[in-house]
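Only one structure is covered here, and it is reproduced in the block below.
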Amino acid sequence: EITSLLSLYGGQFSSEQEIRVNSPFWILSIPSEEMARGLMKRTVCAKSVFELWGHGRSAEELYASLETYPMDKMLPYLQSGSTYKVHIHTFNKTLTQAQKIKKIDALEFLPFKGKVNLKNPEHIFWILEDYGMDPNNVPEEPLHLYFGRWIADGQRELIESYSVKKRHFIGNTSMDACLSFIMANHGRVKPNDLVYDPFVGTGGLLISSAHFGAYVCGTDIDYNTIHGLGKASRKNQKWRGPDENIRANLRQYGLEKYYIDALVSDSSRPIWRKGMLFDAIITDPPYGIREATRRTGSQKEAVKSSEKSTENHVFVSSSYHLSDIFFDLLKFAAEYLVMGGRLVYWLPIYRPEYTEEIIPRHPCLKLISNCEQMLSSHTSRRLITMEKVKEFK
């Protein structure tokens, strides 16, 4: 998520930062504070960003590092008229209040001229201590220490405010709010983009893109879901209400102006005019576990399975193999994404047999990232992000 957002806002992982997967603290090189704030207005994974003043593997190293930090960069935040406070955050260890105060007092050598204000300070400084990832083997002393000035927090509260529990219209497989924001960030969705979901369902993935200012649309083969009809997925509710639909979801969050429309359509049959239309395609294809995979079939199959919807709308559907779904999806993305546009989707995996070779490929699309979400000891799903790098022929 952070790598995608850095490519959108500018900045990179610093040269000394081999991405330590076993550490929650990362050092980034971001050209300006403005860019750092832009990054934090989007991320739901990162908690906060700080301007790093010092870093070491021991307290002595940290203090030595702080003494070499340019004074002209420190002074604007240490003026006599200003107010400040110092926080301490330890990862994988809990300190007593006395220990915390002792560590804060050890920073007396810094030229703080302002007044301490714990309630509403102008400047907040943090000591961050990393005690590793193993809760059963916590070292006496931290492995890494950092000191810096707080700049901004991430968007963790979006996870709560967009929670599926409070959402007007949901289905059996509505995407968790946190994951849908991560997907929009992987897709580098920005204001005025056009974002499309070919398996739109109840539109959970449209909400996160609309929150970031993109116009959203989608299609789904299920007539009842698109029109908000039929059985409800909520406990203690039998049928969907008259205003349970995707538009109502976007209205609930004040995002209705970004909603273009949702159509009943089969993603395996092209309905769009030729040409590059979408800035991002963000979707969660049905895997056939909790949502059936299907597509429109021929009249011959009609005898076996004709389905009636609430308006006597008869259509024929045949099973739609998983490999075909992904093949069609990649081909569609290669054709309809703008250059540099991104496709973000989930791929279900049987872990004992997983190798990178099984990820679907397309000559027009470059694999950007492949992240795993564990579901059980032998199943998981991979969040695949691809970018269009070649014209479709």
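Tabulated data for the structure shown
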item	result
Cleavage-rule hits, trypsin sites (Lys or Arg not before Pro), segment 148-231, DSSP coil, Cβ neighbours within 10 Å at most 15	R156
Order of exposure, largest accessible area first, which applies to H378, H321, H362 with probe 1.4 Å	H321, H378, H362
Positive-pole candidate from S48, L75, F327, dipole of the chain, charges at beta carbon	F327
Solvent-accessible heavy-atom area per residue, rounded to whole Å², over segment 1-154 at 1.4 Å	57 Å²
Residues whose placed amide H lies under 5 Å from that of I127, excluding near-sequence neighbours	H87, I88, H89
Pairs of Lys in segment 132-266 closer than 25 Å at Cα, counting only those 8 or more apart or on different chains	9
Solvent-accessible area, 1.4 Å probe, carbon plus sulfur percent, for the chain	53 percent
Values of log10 I(q)/I(0), in the order q = 0.10, 0.15 Å⁻¹, for segment 1-154 under a Debye, Cα-only, solvent-free model	-0.37, -0.88
Fraction of beta bridges assigned by DSSP in the chain that are antiparallel (%, nearest 5)	60 percent
For the chain, built as a Gaussian network whose Cα springs stay under 10 Å, the top-fluctuating residue of F327, F109, F25	F109
Coil-residue GluC sites (Glu not before Pro) of segment 1-81, DSSP, other Cβ within 10 Å capped at 14	E16, E18
CD proxy at 222 nm, helix term only [per DSSP H run n ≥ 4: -39500 (n - 2.57); per residue of the chain; nearest 500]	-6000 deg cm²/dmol
Size of electric dipole in the chain: Cβ of Lys, Arg +1 and of Asp, Glu -1, about Cα centre, debye, nearest 20	1220 debye
Percent breakdown of C-alpha pair distances by 10 Å bin, ordered from the shortest bin, for segment 106-163	15, 30, 33, 20, 2
Candidates per GluC sites (Glu not before Pro) in segment 130-190, loop by DSSP, up to 13 other Cβ within 10 Å	E140
Probe 1.4 Å, protein heavy atoms only - accessible area per residue of segment 179-271 in square angstrom	41 Å²
Hydrodynamic radius by Kirkwood, which averages 1/r over all alpha carbon pairs of segment 63-217, in angstrom	19.5 Å
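The values are calculated or read from the model by the stated rules, or taken from the named source; none is laboratory data. What you see is a predicted model, and the numbers here were worked out from it, not measured in a lab. No Cβ is skipped: glycine too gets one built from the backbone with ideal geometry, and neighbour counts run over all protein chains shown. Accessible surface areas use protein heavy atoms only, side chains included; no ligands, DNA or RNA. Shrake-Rupley method; radii C 1.70, N 1.55, O 1.52, S 1.80 Å.
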